1. For the structure I just gave you, tell me whether I147 is assigned to a loop (DSSP other than H, G, I, E, B) and β-branched (V, I, T).
2. Output the residue which, of all residues in segment 99-111 that are touching a residue at least 60 places away in the same chain (Cβ under 8 Å) and in contact with a Gly (Cβ under 8 Å, 6 or more places away or on another chain), is farthest from M133 (Cα to Cα).
3. Of the numbered conditions (1) under 15 Å from F131 (Cα atoms); (2) part of a helix (DSSP H, G or I); (3) not small (G, A, S), R159 fails exactly one; give the number of that condition.
4. Residues of segment 67-110 being at pLDDT 90 or above, part of a loop (DSSP other than H, G, I, E, B) and surrounded by 20 or more Cβ atoms within 10 Å (Cβ to Cβ), which ones?
5. Taking only pairs six or more apart or across chains, which ones have beta-carbon atoms under 8 Å, a first residue in segment 33-56 that is farther than 19 Å from E213 by Cβ, and a second residue that is in a helix (DSSP H, G or I) and among the basic types (K, R)?
6. Identify the residue in segment 92-133 that is within 30 Å of Y41 (Cα to Cα) and aliphatic (A, V, I, L, M) and, among all such residues, is nearest to the chain's Cα centre (by Cα).
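The values are calculated or read from the model by the stated rules, or taken from the named source; none is laboratory data. Only a predicted model underlies this, so the values are computations on that prediction, with no experimental measurement involved. Using ideal geometry, Cβ is built from the backbone for each residue, glycine included, and neighbour counts are taken over all protein chains shown.
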Amino acid sequence: MRTATICLILPRNGFQQRSEMTQAEKIEEVLELLQLHYEAYRQIKPFADKHAHPHPTDTRGWSQILVSSLTGIKGYERKKGPDLEDGSDVKAANCWDAIDTPRFNGCIKAGTAAPKSGKLSSLDAMPYLFFVMWDTEEKSGAPRCRIWVVRTQLDIEFRAMAGRWYERREKGTIRSDNFQLHPPRNLNSNVFRNNCGHLEYPLLLESRLEDGEFTLTSVAGSVLDEGACIVAPTDD
């Protein structure tokens, strides 16, 4: 059995209320999933390298399952729509052997036929926006996974940044439908960059590989109820 120090900051309506599993059971399952994901990557990598292909790990699918395991919010039963049954979405990025620069794509809705696409009101139907990144720790180089979360209906700074992007898109200053966020790849930071604003995002969980096994580094369930983005300094 994997050992880890579990220090949960309990939210008012967080982990326990969203699932019949205890918080300790959720963390244990999350660590098991992280280990399975890493082993799948590690085992296929020699074959991908041998035949000159990217490793085929489905980061998006793994990330959605991971968030459901941690929060107790189920998926959308394999139907079209949001990633989670409550209307929340999950964005994923994997830096392990990445060919292109990993980033979070399509973080807010634009360019679709949905009635609220291209409007700030599209965030009103989304309780949470989760970001899952698989990278390495800045100093040790250890593989890790981090999960951030935004309360999109309530987060003042995130909504202000999204509003600026929508305004620039409507004026034609921005022509893309893809709202991208650039995460702190392989850096010990929680700041995501975007041309419409750099913000520090609430960190829900971090886990690192130590002695061949993923162990819990930190978890803060309170951000599901109280987390908020903070304005970060822009680049000089």
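1. Working: assigned to a loop (DSSP other than H, G, I, E, B): no; β-branched (V, I, T): yes.
For I147, the condition - assigned to a loop (DSSP other than H, G, I, E, B) and β-branched (V, I, T) - is not met.
2. So, considering only residues that are touching a residue at least 60 places away in the same chain (Cβ under 8 Å) and in contact with a Gly (Cβ under 8 Å, 6 or more places away or on another chain), the one farthest from M133 (Cα to Cα) is G111.
3. (1)
4. Residues satisfying the conditions are I73, D83, S88, P102, C107, I108.
5. Pairs that qualify, where the first residue is farther than 19 Å from E213 by Cβ and the partner is in a helix (DSSP H, G or I) and among the basic types (K, R), are H55/K45.
6. Once the filter is applied, the top-ranked residue is V132.
To keep it simple, each residue is scored yes or no on (1) without any contact (Cβ under 8 Å) to a residue 60 or more places away in the chain; (2) under 15 Å from the mean Cα position of the chain (by Cα); (3) buried (at least 16 other Cβ atoms within 10 Å of the Cβ).
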| residue | (1), (2), (3) |
| --- | --- |
| V150 | no, yes, yes |
| N190 | yes, yes, yes |
| N194 | yes, no, yes |
| L199 | yes, yes, yes |
| P202 | yes, yes, yes |
| E206 | no, yes, yes |
| F214 | no, no, yes |
| A220 | no, yes, yes |
| L224 | no, yes, yes |
